[in-house]
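Asker: Before I ask anything, here is the structure I am working with.
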Amino acid sequence: MMAIVISRFGGPEVLEMRDVPEPVASAGQELVRVEAGGLNFADVLTARGGYPGTPPPPLVAGREFCGIREKDGQRVMGYTQWAAFAQRTAARSELLWPVPKNWSPEEGAAFPVNYFTAYFAYWKAGLLEPAKSQARVLIHAVAGGVGTAAVQIGKLLGMEMYGTSSSEEKLARVKELGLQHGINYKQRDYEEAIRDLTHGEGVDTVFEMLGGEHTNKSVRCLRDFGRVIVYGSATGQKAELDTRLLYAKGASVHGLWLTYLSNHREVMNEAWTRLAGWTSQGHLRPVIGHVLPMERVLEAYRLLAEGKNFGKVVLQLV
Ligand SMILES: NC(=O)c1ccc[n+]([C@@H]2O[C@H](COP(=O)([O-])OP(=O)(O)OC[C@H]3O[C@@H](n4cnc5c(N)ncnc54)[C@H](OP(=O)(O)O)[C@@H]3O)[C@@H](O)[C@H]2O)c1
């Protein structure tokens with residue numbers, strides 16, 4: 001079967017489309033005939049050798065997929081740590097979910113990472129209860145995969161959302177999903193913009209996935225008792241955090257990592273119950289900006305690595 005293989009660690013050029021041996025399911029796993037794979041920023045980091053827990057290359061890339069489960073012919077979407085970008089994969093049964101009716105394989109492949117992560121960001125922020133509606137949330141990279149999922153969920157929860165992006169065009173598209181306040185950080189410092197837009201009060205929560213100076217800046221965007229949810233470092237820089245900023249307003253910083261949470265079955269099941277309810281009512285639908293055949297994998301990785309994507313980048317594997 002054909003697969004996308006990380007031949008050695010490095011930039012997108014290390015990715016190769018190759019013939020590899022068929023997978024064998026071990027205990028607790030099921031075989032899936034993969035139709036499409038969702039590309040994540042974590043895949044870019046994995047190819048660079050910078051993602052925790054990655055085995056040495058060569059290894060098959062990809063952390064989420066959609067395809068046909070061989071044992072019952074059901075179309076499923078799934079989450080894994082690697083080996084998703086192959087024509088067949090062996091995946092943990094409890095991390096396979098039925099694809100909502102009328103969704104394409106590409107939409108299924110674009111769901112697990114973005115929607116579970118965005119859901120858990122609201123969960124970590126304590127914003128899932130109806131009493132918390134109208135809370136203010138600042139979402140960095142709002143036009144990306146997790147960002148667009150966070151806007152869809154935030155709309156359902158009744159949030160007042162502020163989002164950053166490098167492009168007016170991307171912001172205009174996210175506003176169509178329900179984002180109320182777009183901030184183009186190339187044109188305006190977002191800390192200053194938040195101060196103005198909230199009349200100096202700040203936001204209840206920031207979803208922070210940039211690292212470097214942005215962690216302190218995000219804490220400065222909070223109002224009293226606010227929370228920053230840290231879940232990535234797209235700048236490639238280690239987060240800078242001055243804890244004195246936290247004392248000064250009773251604020252806190254919470255870590256979020258789907259890899260870790262995916263080992264907690266009860267937490268995943270609870271999230272899926274809520275997400276499945278929303279998808280079945282047609283309230284959530286992945287925003288896909290780019291669909292490319294597996295032969296164009298380098299292009300797909302470059303879109304994400306260079307921040308040129310809108311929404312999700314999906315690879316077709318059939
Ligand atoms: N902890 C977890 O479990 C978890 C799970 C999923 C994702 N994540 C993290 O969440 C972030 C978003 O992931 P994603 O897959 O949804 O990606 P994405 O948001 O679709 O793409 C990354 C976006 O980040 C923005 N960006 C800002 N600074 C950037 C930089 N220095 N380099 C590249 N992009 C930059 C770009 O949008 P603009 O041009 O509009 O700014 C770009 O489109 C990543 O940091 C990822 O590692 C964490």
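FYI, it's all coordinate maths here, none of it is from the lab. What you see is a predicted model; the values in this text were computed from it and never measured. With ideal geometry, Cβ positions are generated from the backbone for all residues, glycine too; neighbour counts draw on all protein chains shown.
Asker: Given the structure, is Val146 in contact with a strand residue (DSSP E or B) (Cβ under 6 Å, 6 or more places away or on another chain), of a type in the set (Val, Ile, Thr) and either surrounded by fewer than 20 Cβ atoms within 10 Å (Cβ to Cβ) or within 21 Å of Lys124 (Cβ to Cβ) (or both)? First the steps, then the outcome.
Answerer: Working: in contact with a strand residue (DSSP E or B) (Cβ under 6 Å, 6 or more places away or on another chain): no; of a type in the set (Val, Ile, Thr): yes; either surrounded by fewer than 20 Cβ atoms within 10 Å (Cβ to Cβ) or within 21 Å of Lys124 (Cβ to Cβ) (or both): yes.
The answer is no for Val146.
Condition check ((1) surrounded by 16 or more Cβ atoms within 10 Å (Cβ to Cβ); (2) in contact (Cβ under 8 Å) with a residue 24 or more places away in the chain; (3) of a type in the set (A, V, I, L, M, F, W, C); (4) not in a loop (DSSP other than H, G, I, E, B)) across all residues:
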{"position": "Val5", "(1), (2), (3), (4)": "yes, yes, yes, yes"}
{"position": "Phe9", "(1), (2), (3), (4)": "no, yes, yes, no"}
{"position": "Arg18", "(1), (2), (3), (4)": "no, no, no, yes"}
{"position": "Pro21", "(1), (2), (3), (4)": "no, no, no, no"}
{"position": "Thr46", "(1), (2), (3), (4)": "yes, yes, no, yes"}
{"position": "Pro56", "(1), (2), (3), (4)": "no, no, no, no"}
{"position": "Gly67", "(1), (2), (3), (4)": "yes, yes, no, yes"}
{"position": "Gly73", "(1), (2), (3), (4)": "no, no, no, no"}
{"position": "Trp82", "(1), (2), (3), (4)": "yes, yes, yes, no"}
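Asker: Which members of the stretch 222-242 meet the condition of being farther than 19 Å from Ala118 by Cβ, within 16 Å of the ligand (Cβ to nearest atom) and of a type outside the set (Lys, Arg)?
Answerer: The answer is Thr235, Gly236, Gln237, Ala239, Glu240.
Asker: Further question: Looking only at the stretch 256-295, filter to residues that are of a type in the set (Gly, Ala, Ser) and more than 21 Å from Thr80 (Cα to Cα); which one of those is nearest to the chain's Cα centre (by Cα)?
Answerer: Gly289
Asker: Also, quick follow-up: Can you name every residue in the stretch 148-162 that is small (Gly, Ala, Ser), within 13 Å of the ligand (Cβ to nearest atom) and free of Cβ contacts under 8 Å to residues at least 60 places away in the same chain?
Answerer: If we filter the stretch 148-162 for residues that are small (Gly, Ala, Ser), which is where we start, we get 149-150, 154, 158.
Checking which are within 13 Å of the ligand (Cβ to nearest atom) leaves us with 149-150.
Once the filter is applied, which keeps residues that are small (Gly, Ala, Ser), within 13 Å of the ligand (Cβ to nearest atom) and free of Cβ contacts under 8 Å to residues at least 60 places away in the same chain, the stretch 148-162 yields only Ala150.
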